[in-house]
Amino acid sequence: MRYAIVIEKANGNYSAFVPDLPGCIATGATLQETQQEIRKVIRFHLEGLRADGMDAPEPTSVCEYVEA
């Protein structure tokens, strides 16, 4: 499955979250590290859901950019 992620720059690092997977967050010192960490966290989160007998939620979030 392909999930949308949001990455935000913080003071001295980056943080990421997955709108379709509440509580699924990661941080990293660089953008690349944050992307790698959120991939790991998504896999771990989905494994946990399956272990609890739950289905992985279908991705529903859509990302778009707009000119302002």
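The set of residues in segment 5-48 being surrounded by 14 or more Cβ atoms within 10 Å (Cβ to Cβ) and of a type in the set (A, V, I, L, M) consists of Ile5, Ile7, Ala16, Val18, Leu21, Ile25, Ala26, Ile38, Val41, Ile42, Leu46. A Cβ distance below 6 Å, combined with a sequence gap of six or more or placement on separate chains, defines the contacts here; from segment 50-68, residues that are exposed (fewer than 10 other Cβ atoms within 10 Å of the Cβ) reach residues that are not charged (D, E, K, R) in the pairs Cys63/Ala4. Where strands (runs of 3 or more DSSP E) sit wholly within the chain, those with at least 1 residues that are aromatic (Phe, Trp, Tyr) occupy 14-17.
All of the numbers you see were taken from the coordinates with simple rules; none came from a lab. Since the structure is predicted, the reported quantities are computational estimates derived from the model, not experimental observations. Using ideal geometry, Cβ is built from the backbone for each residue, glycine included, and neighbour counts are taken over all protein chains shown.
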